Amino acid sequence: MSGANCSRGGNFPLKILIFSLSLLFSSCMTMADYNYSRIDSNLAAGKYADVAAELTEKKTTIYGMHDEVLTFLDAGLVAHYDNRIADSNANLGQAETLMEKYGAKSVSQSILSMVTNDLVQDYAGEDFENIYANVFMALNYLRLGEQDEAMVEIRRFDNKLKTLRSKYEGQIHDFEMANEDAKVKKVSIQFHDSALARYLSMILYRADGDADNAAVDYKYLKSAFDTQKDLYNFDIPMTAAEEAGIGKSKARLNVLAFSGLSPIKKEKAVRAYSWEGTVWYKLALPVMERRSSSVSSVLVTATDKASGERFTQKLELLESLENICEDTFQQKYSILYARALARSIAKTAANTTMHVLSNKEQKEKNMNEAIIFSLLDFATKITNEVTERADVRTCRYFPAKASVAGITLPPGEYTVSVQFLNGRKIVHTETKEMSVRAGKLNFFEATCLK
């Protein structure tokens, strides 16, 4: 290669260098880089208004340009805990609409993600986030006393769940067709029915006097435990078996308690480097990481305001949302792994080529060209390191566990108190004045995100 040729064509490698460096700075930040300590502290203290304020104030810092789904999903859940029902439903509904929209991936974004990372794609939500958004909208409607609307959301949850297994078949096929040498590991998820959704449906039918459908829901609830033992690796709640048999003449208090926080994604990176400087290899993948909880048990006490009589029951675990979160992520992970591997191999090939060309030009005493290729070699190695980031975007505000209790009471006025305990220590208490009526849905939801 002559110096003249270098002069005429030198702009090309320099453009590549500039492009590489632009990628370096445009795709290096993720929501994982934000310090969530104050948010986590306020969540644990039940200061949901403060959490909402920080999410709004720091919106452009926490969320990227492709994180629109998360802005609505996070806001919707925090508003639910803060009892701002209209805000919660509006935000969760918008998140659901966007998850459906972004579920159909942009071709241009998909191509760009194979050059940089998956963060350049609009976040479409995890399956776990998509389906459980409907559960929280159903709970919002229960707080409003709109039981028919709550049942609609439960049915939408169920419909999404039915399509979950087949969802990735088309995505796997498309990826393998576009990448002939890539093979995606087939992973079968267990989750096909939700005890929590069945429980909510069951008590809604029971309150409506539809004992037959309530009994059907209990059968499905029991089947969820029998057929998904890794997800429901605990005993079926005894209180659930009683629900279908509660007649309209009796007053039943139903308590649902959420505790802990669901898993979040963390980056796990594998690197390889040859001492000759030929290869710099990095593979970065998201892995689900559980968060610890200080809640070991939950108690509910209903005190009859007229007689002073107290009714106490320990809540039983109904659903491990963290188990289901991890299970539903596995099928997507197989695609993420195949994509990340193909992308990393392509990036490694690029820096290897630059290194080889640099050595070739040095041997031929073309030092200007050798310097350019050395710079490109260096730039691609640095770019690979910084831009190869795992997509760790996830909603941080779903609970980890759902526990339930059901107490049959004399109709009347009650003070209902739910205590979240760590051993014998009370870590959080929620209290509500309730009119408990026969033949009605008397429902109390409490939350402790510690």
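Report the extension gain between residue 53 and residue 292 in nm, rounded to one decimal, defined as 0.36 nm multiplied by the number of residues separating them, less their alpha carbon distance.
In short, 83.6 nm is gained.
Only Cα pairs under 8 Å and at least 6 apart count here; give the relative contact order of segment 190-240 as a rounded whole percent.
Numbers: 43 pairs, mean separation 20.8, N = 51.
Answer for segment 190-240 is 41 percent.
7 Å from Cα along Cα→Cβ at both residue 210 and residue 65: what's the point-to-point distance in nm?
Each label point is offset 7 Å from its Cα along the Cβ direction, giving 4.8 nm.
What is the Cα centroid distance between segment 213-270 and segment 280-344, reported in whole angstrom?
Cα centroid to Cα centroid, the span is 13 Å.
For 312, 415, what's the largest-to-smallest order of accessible area, 1.4 Å probe? Don't skip to the end; give the middle numbers.
Working: 312 85, 415 40 Å².
Output order, biggest surface exposure first: 312, 415.
Beyond 19 Å between alpha-carbons counts as too far, so tell me which of 162/219; 425/450; 268/401; 229/401; 58/101; 250/432 fall in that bin.
Violating the 19 Å Cα-Cα cut-off are 268/401; 58/101; 250/432.
Please list, in order along segment 236-252, the HN-Hα scalar couplings obtained from phi with the Karplus expression 6.51 cos²θ - 1.76 cosθ + 1.60 (θ = phi - 60°), rounded to whole Hz, x for Gly and Pro.
Taking θ as phi minus 60°, the curve returns 5, x, 5, 5, 5, 5, 7, 4, 5, x, 7, x, 5, 7, 9, 9, 10 Hz for segment 236-252.
What do you reckon, how do 271, 389 stack up by accessible area (1.4 Å probe), largest on top?
Values: 271 120, 389 45 Å².
Solvent-accessible surface, decreasing: 271, 389.
The values are calculated or read from the model by the stated rules, or taken from the named source; none is laboratory data. These numbers were taken from a predicted model, which means no experiment stands behind them. Ideal geometry is used to build each Cβ from the backbone, glycine not excepted, and the neighbour counts take in all protein chains shown. Surface accessibility is based on the protein's heavy atoms, side chains included, excluding ligands, DNA and RNA. Shrake-Rupley method; radii C 1.70, N 1.55, O 1.52, S 1.80 Å.
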